[in-house]
1. Can you give the net charge of the other residues whose Cβ lies under 15 Å from the Cβ of A:MET197, counting K and R as +1 and D and E as -1?
2. Provide the FRET efficiency to the nearest 0.05 for the B:GLN150-A:GLN101 pair, computing r from the beta carbons and using R0 = 60 Å.
3. Are there DSSP H segments in chain B that both extend 20 Å or more along their axis (alpha-carbon positions) and score a mean Kyte-Doolittle hydropathy of at least 1.0? List them, or say none.
4. Please state the shape class of region B:73-151: rounded when a/c is under 1.5, otherwise prolate if a/b exceeds b/c and oblate if not, all from the C-alpha gyration tensor.
5. What number, rounded to the nearest 500 deg cm²/dmol, is the helix-based mean residue ellipticity at 222 nm of chain A, given -39500 (n - 2.57) per DSSP H run of at least four residues and division by all its residues?
6. Loop by DSSP (not H, G, I, E, B), at most 15 other beta-carbon atoms within 10 Å: where is the longest site-free stretch of chain A for chymotrypsin sites (Phe, Trp or Tyr not before Pro)?
7. Angle check, please: helix A:104-137 long axis (alpha carbons) against the longest principal axis of chain A (alpha carbons), in degrees 0 to 90, nearest 10.
8. Does anyone have the angle between helix A:15-33 and the longest principal axis of chain A? Alpha-carbon axes, 0 to 90°, nearest 10?
Amino acid sequence: MIEGILIGLTTALTFQNILMVMIGCFFGTIIGMLPGLGPMTAIALMIPITYGFDPATGLILMAGVYYGAVFGGSTSSILLNAPGVPGTVATSFDGYPMAQQGKAGKALAIAAWSSFAGGTLAAIYLLFMAPSLSKVSLSFRSPDYFALMILGLTAIAAFSSKGQFIKAMMMVVLGLMLASVGQDSLSDITRFTFNNMNLTDGISFVLVVMATFAMSEALTIILKRNDPTAAAKQVSLTELGSIKIDKEERAKMLKTIPRTSIIGFIIGVLPGAGATIASFLAYGMERNLVSDEEKEKFGKGSVHGLAAPETANNAACSGAFVPLLTLGIPGSGTTAVMLGALLGFGIQPGPRLYVTNPEIFWSVIMSMYIGMVILLILNLPLIPYIARILAVPKNYLIPLILFFSITGIYVMSFNNFDIYLMIGIAVVATFMRLYDFPMPPLILAFVLGGLMEENLRRSLLLSDGSWTFLWDRTLTACILATTISIVIWHIYKTIIKK
Amino acid sequence: MNINTTKIISLLFFIFSAFYLYTAYQIQVFTFDENAPFNARTFPIYLGYAGLFFSGLKLILPDPNTIKVEHRTLEYKKTAILVLIAIIYGATILKIGYFLTTSLFLIASYYFLGERRWILMFLLSFPFVAAFMYLLHGVLDIYLRDPFLQMIGVMG
């Protein structure tokens with residue numbers, strides 16, 4: 001492992017990669033601050049640029065954007081009470097009241113230090129857990145992978161559906177259907193191309209991500225007459241107050257951070273859960289653990305209440321890398337986008353990644369830590385100024401998002417058809433968003449579609465067409481039982497709600 | 001059963017799944033693969049049935065969280081214009097070239113979204129696109145086809 005850490009440090013500490021982490025953190029912070037534009041949009045917009053770099057640098061840039069976006073989301077939660085990403089909603093519960101008491105600077109500092117500590121601790125957990133998990137996952141067989149993918153898709157549908165589980169499952173199926181377009185990987189038989197040569201290679205992953213996130217976000221903002229930058233214009237540089245944290249506050253943070261980092265990391269590892277659930281759980285748990293006197297302060301500017309979700313959401317971001325790097329199965333929409341980008345580089349994440357491409361495996365882990373340091377050094381003093389940058393009117397912001405989306409597709413394919421297809425998918429996605437059809441399950445399904453079919457093919461061929469492979473191995477049966485429980489529970493909930 | 005837009009979307013998805021399933025059954029597989037445990041049409045067939053199942057479930061089951069969208073407040077006109085500009089951009093980008101079409105696309109989008117500060121609009125189009133092109137083409141070595149710049153001799 002020491003050798004791996006050194007490989008990671010050597011790769012991550014090159015001038016180019018440090019620069020990429022800085023750019024990623026900065027860019028991610030700005031995008032993450034804008035309500036509605038989360039880490040997935042930020043990463044999607046970065047994908048075309050990453051293709052100009054080697055895979056390790058590309059992934060480091062994306063990881064920087066990821067952390068930056070989560071941090072940016074916290075900033076808008078505290079300053080504007082407008083969480084940029086769902087994972088930072090809980091931050092606003094105590095961050096915004098604190099800002100209203102004239103302690104915005106302090107709230108930002110607590111958030112930044114908690115994020116830093118949460119992310120750093122989680123990077124350490126990842127450092128020790130990932131290689132051992134990789135070894136364990138080497139024993140996984142095709143049926144286990146197939147069952148695990150079904151579990152991942154069901155779990156993300158369950159957690160991202162806001163009570164609309166069936167809608168989310170429909171999006172999962174739609175994502176898998178889109179992934180089935182093009183040549184069959186084994187027989188080369190074309191499917192669902194309708195004799196259109198442009199579809200022979202299937203639909204590009206970048207196209208689907210750009211269409212369903214970046215482009216449809218931009219269209220939704222126009223359609224709903226939202227102005228994500230309006231609130232930023234109200235922020236006054238003089239009202240932030242001191243960013244110094246006193247002894248008592250530090251002591252409170254020291255109690256909160258270790259326990260919430262553990263819960264955040266564990267939730268992040270679970271497929272489908274992620275930063276949002278981690279932050280709410282940590283907030284709830286912390287409220288139960290503090291003294292009655294402290295409990296009273298929750299919702300009114302409590303240090304514990306601010307530090308808990310901030311630590312947990314950053315720890316969950318690191319945790320989400322565990323299934324991606326060790327099993328090759330992303331646990332969240334954001335890591336699904338990263339998996340798609342890795343596949344674009346010709347790299348298959350999974351248990352063998354740390355053997356075949358140790359520089360990628362370790363440099364990503366190391367760059368997480370570096371990213372945390374950079375976020376703290378770079379962003380904390382710059383927050384007021386970044387908030388000012390956000391006052392860019394939507395008249396400029398929206399065309400620029402559309403421009404980045406279309407450029408992303410153009411540089412990849414030089415094909416008009418792909419641009420039309422992207423616009424078409426974006427229009428449909430915009431309409432579906434209006435009716436709360438979630439997009440992350442679609443992306444995860446689209447990315448996993450090929451792998452899922454491959455593992456089902458192997459399993460069925462090995463079992464001579466019999467579906468008994470689903471319960472022949474204890475591990476497969478356990479994973480499948482968990483999946484079935486999630487489905488039954490959510491359908492039951494839908495029925496009894498009426 | 002309440003008929004709302006979500007149900008209509010589910011019905012459309014049901015029809016789409018039925019069409020998908022029909023097309024999946026039409027996939028031509030090799031003769032020796034016809035009776036294999038798994039062939040090119042197996043997975044799509046399962047997906048078709050899954051689509052029918054979930055959209056059917058959404059149609060039948062009650063909808064406790066009905067989403068009500070106030071259509072009158074939505075900005076359909078501006079959105080449609082923006083989509084149209086994007087389509088025109090997509091149609092011309094290969095023939096005319098990246099630099100000119102992208103710059104014009106940005107200016108047109110700024111204008112239709114209500115911007116009238118022409119100097120700012122210019123600065124955030126032509127020079128901005130030139131700088132971005134330099135980053136992609138010059139620094140990152142990502143090829144950008146541009147017949148217009150080639151014609152006037154700026155690009156090799």
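Taken together, the values in this text are just the output of simple stated rules run on the coordinates, not laboratory data. Note that the coordinates shown come from a computational prediction; the quantities given were computed from them, not determined experimentally. FYI the Cβ positions are ideal-geometry reconstructions off the backbone, even for glycines, and counts take in every protein chain you see.
1. -2
2. According to the calculation, E is roughly 0.50.
3. For chain B, where a helix must reach 20 Å along its axis and average at least 1.0, the hits are B:5-26, B:42-60, B:76-96, B:98-112.
4. prolate
5. -23500 deg cm²/dmol
6. A:195-413
7. Long axis of A:104-137 versus the principal axis of chain A: about 30 degrees.
8. Helix A:15-33 sits roughly 80 degrees off the main axis of chain A.
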